[in-house]
Amino acid sequence: MDFAYSDKVKALQGKLARFMDAHVYPNERRFRDEVEANRAKGNPWVSTKLIEELKPKARAEGLWNLFLPRSPRAPEGLSNLEYAPLCEVMGRVHWAPEVFNCSAPDTGNMETLERYGSEEQKSRWLDPLLRGEIRSAFLMTEPEVASSDAANIQCRVERNGNDYVVNGRKWWSSGAGDPRCKLFIVMGKTDPGAAKYAQQSMILVPREAPGVRILRPLSLFGYDDAPHGHMDIALENVRVPASYILLGEGRGFEIAQGRLGPGRIHHCMRLVGVAERALELMCKRSLTRVTFGKPVAERTVTQERIAEARIMIESARLLVLKAAHMMDTVGNKAARAEIAMIKVLAPNVACKVLDWAIQAHGGGGMSEDFPLAYMYAHSRTLRFADGPDEVHRNAIAKLELSKHIAAPKR
């Protein structure tokens with residue numbers, strides 16, 4: 001497998017790195033200050049002026065919608081293998097992907113609409129999402145059941161004449177706190193009597209539909225992640241047209257697998273960037289921080305951690321590239337083992353490197369003076385999001401065991 005970056009990707013890498021240097025890293029404090037200023041006024045759920053200022057600059061540079069391959073609506077979209085090194089750069093700052101219209105959960109929702117939506121659905125929802133005019137949320141996880149087994153989901157989606165009526169409760173609905181969020185993609189049960197994986201469907205629910213109630217924002221290790229937010233949502237007799245169903249009744253698991261494959265690897269691409277930046281910050285801090293008469297960088301334990309971090313990051317990057325290559329060449333289903341492996345590896349690598357970086361920073365590493373604590377909180381959540389580690393490990397083990405199960409004798 002040849003993972004060498006093409007000239008096109010190298011040019012985009014350079015352009016993206018320059019954009020980050022000029023507009024993103026210098027504004028990390030401004031972003032935080034804007035959010036805190038809105039919080040002080042009593043409403044942190046207000047989109048920042050900074051993001052809206054940077055979006056047209058990114059679009060003018062051709063750094064827009066790079067995540068969506070093979071779409072006539074987004075001709076700038078790259079293959080998974082081409083996108084990986086660019087997504088990694090964006091992942092170095094948690095809010096940066098939105099600047100390039102490449103942020104979750106919108107990327108997964110846009111890919112879902114592109115793959116499975118009708119022309120009417122695409123025109124109403126996908127086009128404004130691709131223009132960066134609105135945002136969206138994906139409502140799958142529920143508080144009352146273990147949603148790592150999606151067959152447990154209880155939210156009901158029932159046909160009533162020319163409409164569907166949706167009733168249920170969802171939480172960890174990322175992005176639903178943003179005032180620009182106009183669309184929910186909801187996973188619910190249409191036929192409890194059907195076969196296990198034919199009971200669920202996905203349906204489009206406008207945020208402003210009567211019966212949609214945001215109950216509360218959920219904190220993430222103490223962070224509310226405003227203005228993006230992770231919301232606890234009640235859906236009470238929410239009525240939407242029957243045409244808002246995606247693909248048809250009973251196709252929810254099929255859509256979920258198509259959506260979550262790219263979503264999982266995008267998270268992993270960004271996590272490589274997170275780990276890379278954590279290592280960079282650890283090296284810089286350990287070279288300047290002196291304890292007991294010499295720089296922390298001269299301590300053997302620090303050097304061992306730096307070396308191990310480099311090995312882990314390179315390993316994760318290579319597995320991400322392999323998974324991306326397979327998704328492009330043989331499809332998501334054939335790449336399911338690689339996708340599962342990287343979904344376990346990348347968050348654990350990022351969390352470990354961040355933990356070491358925090359140690360090297362001393363007490364400051366746990367404060368808001370450095371981005372490490374916030375980066376850690378986000379990275380730790382990704383051992384749950386899009387399937388917990390345990391589910392992916394089980395899937396990997398089953399695939400591995402299947403190679404060694406003797407064929408039955410005839």
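The values are calculated or read from the model by the stated rules, or taken from the named source; none is laboratory data. Just so it is clear, the model here is predicted, and its values are computed rather than measured. Glycine gets a Cβ as well: all are built from the backbone with ideal geometry, and neighbour counts include every protein chain shown.
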For this session: Check Met326 against each of (1) out of contact with any Leu (no Cβ under 7 Å at 6 or more places or on another chain); (2) more than 25 Å from Met90 (Cα to Cα) and name the one condition it does not meet.
Result: (2)
For this session: Kindly indicate which of Val296, Val320, Val301 is modelled with pLDDT of 95 or more, of a type outside the set (D, E, K, R) and over 21 Å from Phe370 (Cβ atoms).
Result: Val320
Exercise. Given the residues Ser118, Ser71, which is the only one that is within 24 Å of Met326 (Cβ to Cβ) and in contact (Cβ under 8 Å) with a residue 12 or more places away in the chain?
Worked result: Ser71
For this session: Considering each of Gly362, Gly331 in turn, give the residue that is over 19 Å from Arg380 (Cα atoms) and in contact with a Lys or Arg (Cβ under 8 Å, 6 or more places away or on another chain).
Result: Gly362
Exercise. In the range 185-234, which residues are aliphatic (A, V, I, L, M), part of a loop (DSSP other than H, G, I, E, B) and within 18 Å of the chain's Cα centre (by Cα)?
Worked result: Leu218, Ala226
For this session: Could you tell me whether Glu236 is closer than 27 Å to Asn38 by Cα, out of contact with any strand residue (DSSP E or B) (no Cβ under 6 Å at 6 or more places or on another chain) and at pLDDT 95 or above?
Result: no
Seminar exercise, completed: Picking from Ala84, Ala151, Ala146, the residue that is outside the structural domain of Leu12 (by TED's automatic domain parsing) and assigned to a helix (DSSP H, G or I) would be Ala151
For this session: With the condition kept exactly as written, say whether any residue in the range 176-193 is surrounded by 15 or more Cβ atoms within 10 Å (Cβ to Cβ), touching a helix residue (DSSP H, G or I) at 6+ places or on another chain (Cβ under 8 Å), small (Gly, Ala, Ser) and modelled with pLDDT of 95 or more.
Result: yes
Exercise. Would you pick out the residues in the range 42-51 that are surrounded by fewer than 13 Cβ atoms within 10 Å (Cβ to Cβ) and either touching a Phe, Trp or Tyr at 6+ places or on another chain (Cβ under 7 Å) or at pLDDT 95 or above (or both)?
Worked result: Lys49
Exercise. Out of the range 371-408, which residues are on the phi > 0 side of the Ramachandran plot and acidic (Asp, Glu)?
Worked result: Asp386
Exercise. Can you tell which of Lys8, Lys57 is of a type in the set (D, E, K, R) and touching a His at 6+ places or on another chain (Cβ under 7 Å)?
Worked result: Lys57
For this session: Could you please give the count of residues in the range 1-25 that are under 25 Å from Val330 (Cβ atoms) and of a type in the set (Gly, Ala, Ser)?
Result: 2
Exercise. Under the condition of being closer than 18 Å to Leu78 by Cβ and acidic (Asp, Glu), which residue from the range 1-32 is surrounded by the fewest Cβ atoms within 10 Å (Cβ to Cβ)?
Worked result: Asp2
For this session: Taking the options Ser219, Ser286, name whichever one is small (Gly, Ala, Ser) and surrounded by fewer than 18 Cβ atoms within 10 Å (Cβ to Cβ).
Result: Ser219
Seminar exercise, completed: A careful count of residues in the range 351-389 that are farther than 24 Å from Ile313 by Cβ and not in a loop (DSSP other than H, G, I, E, B) gives 1
Exercise. Surrounded by fewer than 17 Cβ atoms within 10 Å (Cβ to Cβ) and closer than 24 Å to Asn109 by Cα, is that true of Pro75?
Worked result: yes
Exercise. Somewhere in the range 89-106, is a residue in a helix (DSSP H, G or I), in contact with a helix residue (DSSP H, G or I) (Cβ under 9 Å, 6 or more places away or on another chain) and charged (D, E, K, R)?
Worked result: yes
Exercise. Looking at the range 48-74, which of its residues are within 22 Å of Gly261 (Cβ to Cβ) and either part of a helix (DSSP H, G or I) or not polar (S, T, N, Q) (or both)?
Worked result: Leu66, Phe67, Leu68, Pro69, Arg70, Pro72, Arg73, Ala74
Seminar exercise, completed: Quick count over the range 207-248, residues being more than 21 Å from Arg124 (Cα to Cα) and either among the hydroxyl-bearing types (Ser, Thr, Tyr) or in the same structural domain as Lys343 (by TED's automatic domain parsing) (or both), is 2
For this session: Select from the range 326-368 the residues that are at pLDDT below 95, closer than 21 Å to Gly273 by Cβ and surrounded by fewer than 20 Cβ atoms within 10 Å (Cβ to Cβ) and list them in ascending order.
Result: Asp328, Glu368
Exercise. What tally of residues in the range 333-350 results from selecting those that are under 17 Å from the mean Cα position of the chain (by Cα) and not in a helix (DSSP H, G or I)?
Worked result: 0
Problem set entry | Residues (surrounded by fewer than 19 Cβ atoms within 10 Å (Cβ to Cβ), touching a strand residue (DSSP E or B) at 6+ places or on another chain (Cβ under 7 Å) and in a loop (DSSP other than H, G, I, E, B)) located in the range 113-143 | Ile134, Pro143
